[in-house]
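Data first, discussion second: the structure below is written as structure tokens.
The values are calculated or read from the model by the stated rules, or taken from the named source; none is laboratory data. Please read these numbers as outputs of a predicted model, since none were measured by experiment. All Cβ positions, even for glycine, are placed from backbone atoms using ideal geometry, and neighbour counts span all protein chains on display. The protein model used for the area step is the full one, side chains on, heavy atoms only, and it has no ligands, DNA or RNA in it. Shrake-Rupley method; radii C 1.70, N 1.55, O 1.52, S 1.80 Å.
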Amino acid sequence: MRFLIAMYASPRVPPPTPQPDAEWMRAMIAFMKQIDVDLRASGELVADAGFDRPGFTVTADAVTREPLADGSPLIGFWLVDVATEERAVEIGRSIAHWSGAVEVRPVGTPPEV
């Protein structure tokens, strides 16, 4: 089962506890690097990326220099292929420890034509 685990910079998400300082940031970065290593080693990581600035919205008629989602920029994601939804939640919880919250979304299979 594939899931997208998305991390947003959202005002709806409570800030991490304790409040971030230099030591907290180093620990968070070490965690983010290690979870990538662990997910690759387990064969569960399909893709991941972090983003360095907000994206923009493209329609058929215009380009808007703001994210499409509720104004909360997507700051990173993991696409995982796991055995169960519970495993996706477990991974999401480990990331949410640092980010406050993540979105875990099932990835469907494309329709056959």
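For the reader, a short list of remarks on this structure follows.
- Fluctuation leader among Trp24, Trp78, Trp98 - the chain, Gaussian network, Cα springs under 10 angstrom: Trp24
- Here the accessible area of the chain is 58 percent carbon and sulfur, with a 1.4 angstrom probe and all protein chains present.
- Fluctuation leader among Ala49, Ala88, Ala62 - the chain, Gaussian network, Cα springs under 10 angstrom: Ala62
- In the full protein context, the chain carries 70 Å² of accessible surface per residue, based on a 1.4 Å probe and ignoring ligands, DNA and RNA.
- Between Thr59 and Arg87, the simple spin-label model (points 7 angstrom out along Cα→Cβ) gives 4.1 nm.
- FRET efficiency, 1/(1 + (r/R0)^6) with R0 22 Å, evaluated for Phe51 and His97 via beta carbons: 0.60
- About the Cα centre, charge dipole magnitude for the chain (Lys/Arg +1, Asp/Glu -1 at Cβ), debye: 180 debye
- Across Val37, Val80, Val102, mean-square fluctuation computed from a Gaussian network of the chain (C-alpha pairs under 10 Å connected) peaks at Val37.
- Label selected from [x] 15.5, 52; [y] 17.9, 58; [z] 18.9, 56, the criterion being Rg and Dmax of the Cα atoms in Å as computed here: [x]
- Calculated FRET value between Arg12 and Ala41, using beta carbons and R₀ = 35 Å, to 0.05: 0.60
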